[in-house]
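Written out below as structure tokens is the structure these notes cover.
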Number of protein chains: 2
Amino acid sequence: MSLIVQKYGGTSMGSPERIREVAKRVARFHGEGHQLVVVVSAMSGETNRLLGLAKALNAEPDPRELDVIASTGEQVSIGLLAIALQSLGLKAKSYTGAQVRILTDDAYSKARILAIDDANIRKDLAEGCIVVVAGFQGVDEQGNITTLGRGGSDTTGVALAAALKADECQIYTDVDGVYTTDPRVEPDARRLKTVTFEEMLEMASLGSKVLQIRSVEFAGKYKVKLRVLSSFTPVDSTDEGTLITFEEDENMEQAIISGIAFNRDEAKITITGVPDKPGIAFSILGPVADANIDVDVIIQNASVEGLTDFSFTVHRNEFKRTMEVLETKVKPVIGAKAIVGDDKIAKVSLVGIGMRTHAGIASKMFGALAQERINIQMISTSEIKTSVVIDEKYMELAVRVLHRAFELDKEPVQETLKP
Amino acid sequence: MSLIVQKYGGTSMGSPERIREVAKRVARFHGEGHQLVVVVSAMSGETNRLLGLAKALNAEPDPRELDVIASTGEQVSIGLLAIALQSLGLKAKSYTGAQVRILTDDAYSKARILAIDDANIRKDLAEGCIVVVAGFQGVDEQGNITTLGRGGSDTTGVALAAALKADECQIYTDVDGVYTTDPRVEPDARRLKTVTFEEMLEMASLGSKVLQIRSVEFAGKYKVKLRVLSSFTPVDSTDEGTLITFEEDENMEQAIISGIAFNRDEAKITITGVPDKPGIAFSILGPVADANIDVDVIIQNASVEGLTDFSFTVHRNEFKRTMEVLETKVKPVIGAKAIVGDDKIAKVSLVGIGMRTHAGIASKMFGALAQERINIQMISTSEIKTSVVIDEKYMELAVRVLHRAFELDKEPVQETLKP
């Protein structure tokens with residue numbers, strides 16, 4: 001008998017009919033002898049409806065009151081799922097975040113979980129009850145209702161799994177797992193049986209939006225076995241989705257590259273003719289950080305005659321504001337030659353835990369792109385990721401070229417790198 | 001400076017526009033220097049929508065889970081009103097029933113308030129904050145969410161007013177006060193400036209659905225000054241609605257009759273030829289009570305040759321079931337002659353605290369009805385009420401005849417009974 005935490009998102013809970021399907025799936029696992037804690041999101045569309053009501057009254061509503069309103073979406077869902085489970089003859093009981101007592105800090109709309117009281121849930125489970133918990137919400141020390149921010153239901157699931165030392169946390173969503181890349185870009189994209197937390201973090205932050213990044217961090221920190229599955233398979237499906245592992249030796253596929261992430265949310269800015277002296281990077285990025293603009297890739301070229309070029313990327317929405325900051329607060333101070341911006345770029349990244357121990361990945365990547373005459377504008381590397389910034393119009397082509405070059409369409413049987 | 005509890009119902013809270021109007025009205029009283037606690041219902045239609053979702057999953061959903069779901073309607077309202085008040089530059093803070101701590105018993109969907117913790121509210125009020133509380137809901141000793149049943153928001157308002165020793169509890173609704181009778185039946189119906197609790201109780205239970213009967217009982221018990229007002233008057237209206245008083249000498253109008261209540265929800269059953277011996281009433285009504293059927297008017301005629309006729313009324317929905325109980329469980333036992341039923345009846349009642357001290361009311365009533373040839377089928381009297389059961393088709397006529405006979409269209413200047 002295992003203790004399983006399952007999480008169902010808004011699409012899975014989208015209607016009474018869908019909720020009945022969720023109940024049947026939960027019942028199946030319960031029938032197999034497992035203890036079940038089920039975390040649910042608000043019915044799809046509900047959170048937006050509620051926020052719309054609030055914004056009709058004030059464009060920037062008080063975050064405390066917004067959380068009071070938004071948290072009702074999940075509260076309705078827990079009641080409905082408990083009723084659906086009871087209709088199948090099962091014992092079920094719902095809990096709001098406050099009732100579990102999922103204690104958070106008081107950062108309304110983006111609260112962080114501090115502690116979970118598992119006493120009531122354990123008692124219910126011991127009595128054969130299925131426990132249904134509202135995702136996305138908690139309560140602060142003063143009893144104020146808080147929410148964890150969008151996608152916070154995943155975090156609730158993982159945090160509960162950690163607190164209860166669950167055998168597995170299953171995240172049911174509208175995709176059936178993690179793919180080597182977006183199947184809409186590369187039809188040969190293959191679903192991964194396993195992926196490591198580190199890889200998942202790199203994939204998530206780069207745009208493969210299967211799981212919220214915070215929930216993955218949480219799972220990694222507390223060593224929660226996390227599995228992504230589809231709630232749209234038949235209720236008796238034995239499909240195992242993608243397992244996210246925290247131990248490398250569990251990564252049975254032994255692939256060097258797990259996937260290719262990409263996004264076109266960024267813009268590139270280059271400052272040319274910058275005097276190459278200590279403190280120059282801070283002189284440039286300090287004012288940008290002061291303006292609350294996040295910087296992603298940062299590149300500084302080697303100096304030629306005491307002058308260097310300095311490039312970095314920001315979110316495309318922040319492009320204009322960044323250019324203004326640089327023109328008004330940076331250029332006059334450091335005496336650069338020119339500031340050049342380009343918001344028609346894309347970032348394509350190879351992600352793979354195997355990179356750590358394998359040489360030649362980057363050169364193989366650059367070679368494959370060169371063969372298709374795709375010019376690389378920036379390069380950035382980390383232990384398990386190699387990213388290139390290219391012209392936006394080549395993004396899909398680059399993804400497909402790299403997918404083929406690293407044979408990601410094929411199940412890896414053994415280590416396959418042929419340098 | 002007074003402490004005022006205001007309650008706004010679902011129609012008053014029906015849309016962001018309406019909520020903005022409520023906020024302005026609250027702000028007006030706050031601006032006049034009063035402390036304000038505002039109790040709100042769910043937006044109109046919302047509770048039915050939520051119950052509909054639950055019933056789509058189970059025709060008889062678990063009451064605990066139903067309360068979890070239904071209570072979200074008011075939770076959304078408190079957040080929205082707090083935001084609307086803040087938009088007017090006021091300090092406002094919302095509380096769910098659990099957050100106030102409105103402690104109730106655990107009778108889900110019809111819970112009773114046991115205690116109210118007023119510490120947080122008093123602290124907020126002292127800081128100049130307007131406190132917005134969710135009506136209709138509380139929490140039991142174990143932290144389960146409970147609801148007080150339909151119309152429970154009125155009870156929340158009165159209970160808070162009692163706990164806080166408020167100067168007045170104002171119930172804003174879609175009518176502007178209590179009338180001598182339903183203006184749809186008698187266009188000359190007049191709004192009462194004051195009405196006593198006892199009269200209000202009789203009016204409410206007889207169908208003048210302005211206030212929930214439980215809230216009136218509560219107000220009477222704790223001597224809360226209760227006022228019914230319309231939320232559809234202009235925000236700066238000085239209209240004072242109807243004050244419900246608990247001291248007779250506050251009833252300045254000194255009317256003998258305050259109003260005429262009526263309903264056509266009942267059915268009459270007569271058992272003829274019943275042996276007139278001790279215990280016969282129990283033999284008849286015992287099995288009816290065992291079947292959980294409420295009985296209203298009960299009449300037993302004087303005995304003729306050891307046989308009597310026994311009549312009573314039940315809710316019209318229970319008519320068939322009552323007849324079955326009588327035929328199968330009562331008739332064979334007591335040996336009655338016949339059981340005759342009639343569900344085409346109406347009950348019309350004169351209500352007035354002045355009846356206590358004035359003779360001749362009943363005979364004047366019967367005389368007025370006789371003049372219009374309206375046959376009286378049953379008569380029932382209490383200290384402040386005289387009811388007659390008549391043929392349903394004469395109901396409107398009877399109401400108008402009595403309204404005229406007792407001159408209810410005229411403001412009472414002094415005691416007006418001319419016997």
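Check A:Leu369, A:Leu402, A:Leu408 and return the single one that is over 23 Å from the mean Cα position of the chain (by Cα) and aliphatic (A, V, I, L, M).
Checking each option against the conditions leaves just A:Leu369.
When you scan the range B:73-93, how many residues do you find that are within 7 Å of chain A (Cβ to nearest Cβ), of a type in the set (A, V, I, L, M, F, W, C) and more than 22 Å from B:Leu50 (Cα to Cα)?
Final tally of qualifying residues: 3.
For the range A:94-149, what are the residues that are outside any strand (DSSP E or B), small (Gly, Ala, Ser) and within 14 Å of chain B (Cβ to nearest Cβ)?
A:Gly97, A:Ala98, A:Ser109, A:Ala119, A:Gly143
Within the range B:300-316, track down each residue that is at pLDDT 85 or above, under 20 Å from B:Val388 (Cβ atoms) and in a strand (DSSP E or B).
Selection gives B:Asp309, B:Phe310, B:Ser311, B:Phe312, B:Thr313, B:Val314, B:His315.
Out of contact with any Asp or Glu (no Cβ under 8 Å at 6 or more places or on another chain), at the interface with chain A (Cβ under 9 Å from one of its Cβ atoms), over 25 Å from A:Asp67 (Cα atoms) and not hydroxyl-bearing (Ser, Thr, Tyr) - does that describe any residue in the range B:61-72? It would help to see each step written out before you state the result.
Our first condition is that a residue be out of contact with any Asp or Glu (no Cβ under 8 Å at 6 or more places or on another chain); within the range B:61-72, this holds for B:61-72.
Right, trim to at the interface with chain A (Cβ under 9 Å from one of its Cβ atoms) and you get B:61-62, B:64-72.
Cutting the leftovers down to over 25 Å from A:Asp67 (Cα atoms) gives us B:61-62.
Of the ones still in play, those that are also not hydroxyl-bearing (Ser, Thr, Tyr) are B:61-62.
Looking through the range B:61-72, at least one residue is out of contact with any Asp or Glu (no Cβ under 8 Å at 6 or more places or on another chain), at the interface with chain A (Cβ under 9 Å from one of its Cβ atoms), over 25 Å from A:Asp67 (Cα atoms) and not hydroxyl-bearing (Ser, Thr, Tyr).
Being of a type in the set (S, T, N, Q) and under 27 Å from B:Glu186 (Cβ atoms) narrows it down to one residue among B:Thr242, B:Thr272; which is it?
Criteria check complete, one pass: B:Thr242.
Which residues, taken from the range B:6-28, are surrounded by 19 or more Cβ atoms within 10 Å (Cβ to Cβ), among the β-branched types (Val, Ile, Thr) and within 11 Å of B:Tyr172 (Cβ to Cβ)?
B:Val22, B:Val26, listed by residue number.
Looking only at residues in the range A:35-61 that are without any contact (Cβ under 8 Å) to a residue 24 or more places away in the chain and in a loop (DSSP other than H, G, I, E, B), which one is surrounded by the fewest Cβ atoms within 10 Å (Cβ to Cβ)? Step through it out loud before you land on a result.
Of the residues in the range A:35-61, the ones without any contact (Cβ under 8 Å) to a residue 24 or more places away in the chain are A:48-61.
Applying the additional criterion that residues be in a loop (DSSP other than H, G, I, E, B) yields A:58-61.
Values: A:Asn58: 17, A:Ala59: 8, A:Glu60: 11, A:Pro61: 22.
Checked the range A:35-61; the qualifying residue surrounded by the fewest Cβ atoms within 10 Å (Cβ to Cβ) is A:Ala59.
Here is a yes/no grid of residues against (1) in contact (Cβ under 8 Å) with a residue 12 or more places away in the chain; (2) in contact with a Ser or Thr (Cβ under 8 Å, 6 or more places away or on another chain); (3) surrounded by 18 or more Cβ atoms within 10 Å (Cβ to Cβ); (4) closer than 15 Å to A:Ser349 by Cβ:
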{"site": "A:Val185", "(1), (2), (3), (4)": "yes, no, no, yes"}
{"site": "A:Arg190", "(1), (2), (3), (4)": "yes, yes, yes, no"}
{"site": "A:Glu198", "(1), (2), (3), (4)": "yes, no, yes, yes"}
{"site": "A:Glu217", "(1), (2), (3), (4)": "yes, no, no, no"}
{"site": "A:Gly220", "(1), (2), (3), (4)": "yes, no, yes, no"}
{"site": "A:Thr238", "(1), (2), (3), (4)": "no, no, no, no"}
{"site": "A:Leu243", "(1), (2), (3), (4)": "yes, yes, yes, no"}
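Working carefully through the options A:Ala119, A:Ala111, A:Ala115, find the one that is surrounded by fewer than 24 Cβ atoms within 10 Å (Cβ to Cβ) and farther than 24 Å from B:Pro63 by Cα. Talk me through it step by step, then tell me what you get.
Details: A:Ala119 fails: farther than 24 Å from B:Pro63 by Cα; A:Ala111 fails: surrounded by fewer than 24 Cβ atoms within 10 Å (Cβ to Cβ).
A:Ala115 is the lone residue from the list that is surrounded by fewer than 24 Cβ atoms within 10 Å (Cβ to Cβ) and farther than 24 Å from B:Pro63 by Cα.
Go over the candidates A:Leu66, A:Leu36, A:Leu53 one by one and state the one that is more than 25 Å from B:Val76 (Cα to Cα) and aliphatic (A, V, I, L, M). Write out each step before concluding.
Details: A:Leu66 fails: more than 25 Å from B:Val76 (Cα to Cα); A:Leu53 fails: more than 25 Å from B:Val76 (Cα to Cα).
After applying the criteria, what remains is A:Leu36.
So if I check each of A:Lys268, A:Lys277, which one is more than 30 Å from A:Met13 (Cβ to Cβ) and crowded, with 17+ Cβ neighbours inside 10 Å? Even if it seems obvious, please write down each step before you answer.
Numbers: A:Lys277 fails: crowded, with 17+ Cβ neighbours inside 10 Å.
The conditions single out A:Lys268.
Going residue by residue through the range B:324-334, is there one that turns out to be within 29 Å of the chain's Cα centre (by Cα) and surrounded by 17 or more Cβ atoms within 10 Å (Cβ to Cβ)?
no
Which ones in the range B:170-203 are within 25 Å of B:Tyr394 (Cβ to Cβ) and assigned to a helix (DSSP H, G or I)?
Those that are within 25 Å of B:Tyr394 (Cβ to Cβ) and assigned to a helix (DSSP H, G or I): B:Glu199, B:Glu202, B:Met203.
Being in contact with a strand residue (DSSP E or B) (Cβ under 7 Å, 6 or more places away or on another chain), modelled with pLDDT under 90 and under 23 Å from A:Asp265 (Cβ atoms) narrows it down to one residue among A:Ile379, A:Ile361; which is it?
The conditions single out A:Ile379.
With B:Ser109, B:Ser153 as the choices, which residue is at pLDDT below 95 and under 20 Å from B:Ile83 (Cβ atoms)?
B:Ser153
Could you list, in sequence order, all residues of the range A:364-405 that are free of Cβ contacts under 8 Å to residues at least 40 places away in the same chain, part of a helix (DSSP H, G or I) and over 15 Å from A:Ile260 (Cβ atoms)?
Residues satisfying the conditions are A:Gly367, A:Ala370, A:Gln371.
Are any residues in the range A:1-34 aliphatic (A, V, I, L, M), assigned to a loop (DSSP other than H, G, I, E, B) and farther than 27 Å from A:Ala70 by Cβ, and if so, which ones?
Kept after step one, since they are aliphatic (A, V, I, L, M), are these residues of the range A:1-34: A:1, A:3-5, A:13, A:19, A:22-23, A:26-27.
Filter again for assigned to a loop (DSSP other than H, G, I, E, B), leaving A:1, A:13.
Selection gives A:Met1 alone.
Looking only at the range A:271-323, count how many residues are under 26 Å from the mean Cα position of the chain (by Cα) and of a type in the set (Ser, Thr, Tyr).
Of the residues in the range A:271-323, 2 are under 26 Å from the mean Cα position of the chain (by Cα) and of a type in the set (Ser, Thr, Tyr).
The values are calculated or read from the model by the stated rules, or taken from the named source; none is laboratory data. It should be emphasised that the depicted structure is a prediction, and the values quoted were computed from it without experimental measurement. Here Cβ is always computed from backbone atoms with ideal geometry, including for glycine, and neighbour counts include all displayed protein chains.
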